[in-house]
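One structure below.
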Amino acid sequence: MIPLEYMPPLMFGGLVLFMLVGFPVAFSLLAVGLSFGLLSIELGFFNVAFLQAVPQRIFGSVLANDLLLAIPFFTFMGAILEKCGLAEDMLDSMGQLFGPIRGGLGYSVIIVGFILGAITGTVAAQVIAMAMISLPVMMRYGYNIRYTTGVLAASGTITQLVPPSLVLVVLADQLKTQTSSADVGSMYLGAWGPSLVQIALFILYTFILSRIKPDWLPAVPKEARTLQGRALWMKCLQGIIPSAVLIFMVLGTMMLGIATPTESGAMGALGAIILAVLRDKEFNKRDKLAFRAGLAGLGAALIVGLFFYSDTQEISKPAKLALQIALVVVYVAIVWLVTRAYRIADLRALITLGYQSTMRLTAMVVFILIGSTCFSVVFQGVDGGVWVEHIFTSLPGGWIGFLLIVNLFIFFLAFFLDFFEIAFIVVPMLAPVAEKILAPVLLESMGSPQAASSAALVWFGVMLCVNMQTSFMHPPFGFALFYLRGVAPKEVKSSDIYWGALPWVGLQMIMVVLVMCFPVMVTALLDKGSNKPVSDNLVIEKTINEPDADVKPPVFSDNTEKPASTPDTPPEEEQPKFQFQEQQK
């Protein structure tokens, strides 16, 4: 008979064996979970009724999870923006803006990668689009091939960390314990600081390399810069302004509390379609008129909402009528532009491809979630959570040792597993331990135990997100390197792609250390609690049947005292009472 304490490591080892054989991860999780579930029933660790939790959690926590609806919306948005020409125009304009300085094309790739990461949320689309556009240009002007491939892959993977990242959505769904959780809004707020610091690290590395090896990162020749002055700035703004509007639609509405993650994702998908229509060559005068009317209606609605609407009084009838008319104009303009997207053949084909890629990714995520749910239920049934907690709480070095071991473990797993698989398999096991170990570290800065617990999960999640960026950059299994290899010309060797990725993987690991040592980068924008009493004007007096000399009887509104209880008093009347009185200052 197998002892109970051997079951968790055997389950984990069986899962690794299945994946080494090459069996799909989702079905590996299902197979291991069901096999060990039947074995545990046979050995008497739990009964058949325990497995009823599997379908209940699948239907309750997976298929009925509104948060996961944000994944297809963000995926569809990225698929549309990949082909609409936005990346090409931004890279061209930014390349000409930074072209006169050494390393200028590298700076433009990093900055555009950051902007596209904030509106696409998908690594594959970004790496492929940027490589197809920038790789030939950088090779033409004599950039070192290893730096070129490295910066393209790294600037594509930054989309995993920059909100609205799909990784952050998945981690927010998985970082749940019995006492706390990490919501999507907090994950997005926590990720902004590390995102900006990581972009600064990439730019600093490019700057240092341009001074040490100036021939590796030359300036673009003057004759190659076709735009200058006002025309150049206008072209830059034509790419930046629509991107900024789309970023606000997705992130601004969520952070201001106007929309949920799913609603903001839906607005982002709709905005991507409209942006694709605006950039299409068949965008005619009537389309421009509809778009301008929609902008005017949106501006009028904002003015009415800001100046005529108040929580304390009802909006006047003329203002209400003006608001309704403005919103009708906005809706008509949106319907017109979406209809145009359907009638333009190229855009209709693009939207169809976007639907197909969205369906493939969403189906993969759902199947992995179903498999991980089956695995985790059985794993908890054989005391797997206790086993994991015992391993990580007994590590030397306290919370620092815990974070070091976990990050090394995730770094190793990233060689073989995708970030979805790591998030669904490993993160639910580590979340309770992370809350228990990291919450005391943040207690003083966050102000209350509840805020510290939530912030600890956000800190832990963002740190894992930074670490899992390397899963796309690991030679030789990094998916970003595969994408780059697929679109790179034949003269670019695979060894150049692999060697070029190593310095950027090092920069990402430096970023992991910075997030670990300076949690304020993550927690600075999070809501903080307080250890102060709820109110200083309330005192609690407890009434007992036989009051002591120090305890005064409660005072009622008629200034009488409650009579002593009699034998006829019902039992519930004899229970201790609590009287709230306002303390006189």
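The values are calculated or read from the model by the stated rules, or taken from the named source; none is laboratory data. Keep in mind that what you see is a predicted model, and the values were worked out from it rather than measured. No Cβ is skipped: glycine too gets one built from the backbone with ideal geometry, and neighbour counts run over all protein chains shown. Calculation scope for accessible area: heavy atoms of the full protein, side chains included, ligands and nucleic acids excluded. Shrake-Rupley method; radii C 1.70, N 1.55, O 1.52, S 1.80 Å.
Express the accessible area of the chain per residue in Å², computed with a 1.4 Å probe while the remaining protein chains stay in the model.
On a per-residue basis, 50 Å².
Where does the stretch 119-276 land on Rg/Rh, using Cα atoms and the Kirkwood Rh?
1.03
At what distance in nm do the modelled label points of residue 494 and residue 525 sit from each other, each positioned 7 Å from its Cα along Cα→Cβ?
Here the modelled spin labels are 4.0 nm apart.
Taking only C-alpha pairs under 8 Å that are 6+ residues apart, what is the relative contact order of the stretch 278-358 in percent?
Reported relative contact order: 37 percent.
Taking only the C-alpha atoms, wrap a convex hull around the stretch 440-491 and report its volume per residue in Å³ as a whole number.
Cα-based convex hull of the stretch 440-491, divided per residue, equals 95 Å³.
Counting only protein heavy atoms, what percent of the accessible surface of the chain is carbon or sulfur at a 1.4 Å probe?
Carbon and sulfur together cover 65 percent of it.
For the stretch 48-131, treating each Cα as an identical point scatterer without solvent, what Debye log10 I(q)/I(0) comes out at q = 0.17 1/Å?
-0.72
Multiply the residue gap between residue 327 and residue 238 by 0.36 nm, knock off their C-alpha separation, and tell me the result in nm, one decimal place.
Extra length from residue 327 to residue 238 when fully extended: 29.5 nm.
Suppose only helical runs count, i.e. DSSP H with n ≥ 4. What mean residue ellipticity at 222 nm does that imply for the chain under -39500 (n - 2.57) per run, divided by all residues and rounded to the nearest 500 deg cm²/dmol?
Roughly -22000 deg cm²/dmol at 222 nm, from the helical runs in the chain.
Can you tell me, using C-alpha contacts under 8 Å and at least 6 residues apart, the relative contact order of the chain as a whole percent?
Reported as a whole number, the value is 22 percent.
Using the beta-carbon distance between residue 23 and residue 222 and R0 = 56 Å, what value does 1/(1 + (r/R0)^6) give for FRET efficiency, to the nearest 0.05?
So, using R0 = 56 Å, E works out to roughly 0.45.
Cβ neighbours within 10 Å, averaged per peptide: list 108-118, 385-395, 7-17, 503-513 in order, most packed at the top.
Going by the mean number of other Cβ atoms within 10 Å, highest first, we get 108-118, 503-513, 7-17, 385-395.
Which value, in debye to the nearest 20, describes the size of the charge dipole of the stretch 263-400 about its Cα centre when Lys and Arg Cβ atoms bear +1, Asp and Glu Cβ atoms bear -1, and nothing else is charged?
1020 debye
Let me cross-check residue 92: its accessible surface, 1.4 Å probe, with only protein heavy atoms counted, in Å² to the nearest 10?
Here the residue's solvent-accessible area equals roughly 60 Å².
How big is the convex hull of the Cα atoms of the stretch 107-179, per residue, in Å³?
In the stretch 107-179, the Cα convex hull volume per residue is 85 Å³.
Tell me which of 260, 293, 272 sits at the most positive position along the dipole axis of the stretch 259-311, charges placed on C-beta atoms (Lys, Arg +1; Asp, Glu -1).
293
Evaluate the relative contact order of the stretch 182-338 (contact order divided by residue number), counting alpha-carbon pairs under 8 angstrom at least 6 apart; express in whole percent.
So the answer I get is 20 percent.
Per 10 Å bin from zero, what fraction in whole % of the C-alpha pairs of the chain is there, up to the bin with the longest pair?
Reading upward from the zero bin: 3, 14, 22, 22, 17, 11, 6, 3, 1, 0, 0.
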